[in-house]
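The values are calculated or read from the model by the stated rules, or taken from the named source; none is laboratory data. Nothing here was measured: the structure is a model prediction, and the numbers come from that model. Glycine also receives a Cβ, built like all others from the backbone with ideal geometry; neighbour counts cover every protein chain displayed.
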Amino acid sequence: MSALWDWAANGLGALALSLGLSFGSGPPPPLAHGYVEGEYLRIAAPAAGTLERLSVARGARVVAGAPLFTIDRTTALAERDRLAAALAQARAQRADLSTGKRPQEVAVLAAQKTQAEAALRYSTAELTRQQELVARKVSSTDKLDQARAAYDRDRGQLAEAQAQLTVAVLPARPDQLRAADEAVTQAEAALAQAERRLTDLAPVAPGDALVEDTLYNPGEWVPAGSPVVSLLPPERVKLVLFVPETAMAGVAPGAALSVRCDGCPAGLSARVTRIASQTEYTPPVIYSIGSREKLVFRVEARVENPAVGGAGRPLNPGLPVDVWPMTVEAAR
């Protein structure tokens, strides 16, 4: 019997050598299995309206700043124009309060001042003449009193004309100016809000991305806040991995991983960003016989070079992947 066992062992060894196999050697198994998951950007408009134009198509790629869609903006444009006119009115009123009266009104007051000066010169001369006549006892004191009253009247009228001319070139009271400034600020804020509303009704791509889906067609009514376009930026592609409980000692946030998948370019790497605090059972989507019944930790990793060798083509969500620690992969 022992001879039979020796013969079988020698035969299996020779077969292994002939096939180029070596027992106890070979590539290390993956650290974990998982799949690619995308964090989509769902672009919506803040107000309800008819979809006027859809500028992108499913599967297309857009660059930052490219138009995505436009909701009917007829009402928003009219409101913007109304608020622009209100701002112009508020600014004009503020300027009017800071400049005093019109030049024509100032000219009228200046002419009134000149007239008052002439009247005062006459009454001054008449008062002097009456004083001399009374001193020589040629005129009565009644006429002197009348001349003195006319002088006082003309001097007061000149002072009034001078004050009116000074006030005419002054701006409005400080309280009125502050109120006018506040009105301008309020009108500017309302116009800025209207401009932002117009921008929100015609959004653009926040960055380079893949158009994952379009949810409405031109002519359809879009409720407020309802996504119209779904985008997937390359940098928002992540890996969802299920690491066996026994291998968690070598996994930590920030750890580098080597990534392999069917059809993926070589050189893909990822870095661990999140580790679940509790274990779970391997989900059915992970087809690994050896770990199906074992407890695993859900680990998320961010792909550091999603477009390696792919001419800017990101990994497709749902694609199964295997990962190894970067040190192990380097050894291979």
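How many residues, within the stretch 268-284, are part of a loop (DSSP other than H, G, I, E, B) and at pLDDT below 80?
Initial filter on the stretch 268-284 (part of a loop (DSSP other than H, G, I, E, B)): 268, 282-284.
Filter again for at pLDDT below 80, leaving 282-284.
Of the residues in the stretch 268-284, 3 are part of a loop (DSSP other than H, G, I, E, B) and at pLDDT below 80.
Starting from the stretch 90-117, take each residue that is under 30 Å from A189 (Cβ atoms) and list its partners that are modelled with pLDDT of 80 or more and buried (at least 16 other Cβ atoms within 10 Å of the Cβ), counting only C-beta distances under 6 angstrom and pairs at least six apart or across chains.
Here the result reads A90/A183; A90/V184; A90/A187; R91/V184; Q93/A180; R94/A180; R94/V184; L97/A180, each pair linking the stretch 90-117 to a residue that is modelled with pLDDT of 80 or more and buried (at least 16 other Cβ atoms within 10 Å of the Cβ).
Looking at the stretch 168-181, can you tell me whether even one residue there is under 30 Å from R196 (Cβ atoms), of a type in the set (K, R) and surrounded by fewer than 13 Cβ atoms within 10 Å (Cβ to Cβ)?
First, the residues of the stretch 168-181 that are under 30 Å from R196 (Cβ atoms): 177-181.
Restricting the remaining residues to those that are of a type in the set (K, R) gives 178.
Now narrow it down to the ones that are surrounded by fewer than 13 Cβ atoms within 10 Å (Cβ to Cβ): 178.
Yes, the stretch 168-181 contains a residue that is under 30 Å from R196 (Cβ atoms), of a type in the set (K, R) and surrounded by fewer than 13 Cβ atoms within 10 Å (Cβ to Cβ).
Among the residues of the stretch 216-241, which ones are touching a Lys or Arg at 6+ places or on another chain (Cβ under 6 Å) and buried (at least 20 other Cβ atoms within 10 Å of the Cβ)?
K238
Within the stretch 23-54, can you find the residues that are part of a loop (DSSP other than H, G, I, E, B), surrounded by 17 or more Cβ atoms within 10 Å (Cβ to Cβ) and out of contact with any Lys or Arg (no Cβ under 9 Å at 6 or more places or on another chain)?
If the condition is that a residue be part of a loop (DSSP other than H, G, I, E, B), surrounded by 17 or more Cβ atoms within 10 Å (Cβ to Cβ) and out of contact with any Lys or Arg (no Cβ under 9 Å at 6 or more places or on another chain), then L31, A45 are the ones that fit.
For A190, all conditions in the list (1) touching a helix residue (DSSP H, G or I) at 6+ places or on another chain (Cβ under 9 Å); (2) at pLDDT below 90 hold save one; what is the number of the exception?
Evaluating A190 over (1) touching a helix residue (DSSP H, G or I) at 6+ places or on another chain (Cβ under 9 Å); (2) at pLDDT below 90 leaves (2) as the failure.
Show the residue pairs that are 6+ apart or on different chains and have beta-carbon atoms under 6 Å apart, the first residue being within the stretch 65-80 and in a loop (DSSP other than H, G, I, E, B), the second being among the charged types (D, E, K, R) and surrounded by fewer than 18 Cβ atoms within 10 Å (Cβ to Cβ).
Hits for this filter: D72/E52.
Listed residues T70, T99; which is among the hydroxyl-bearing types (S, T, Y) and either modelled with pLDDT of 95 or more or within 23 Å of the chain's Cα centre (by Cα) (or both)? Give the derivation first.
Working: T99 fails: either modelled with pLDDT of 95 or more or within 23 Å of the chain's Cα centre (by Cα) (or both).
Only one candidate qualifies: T70.
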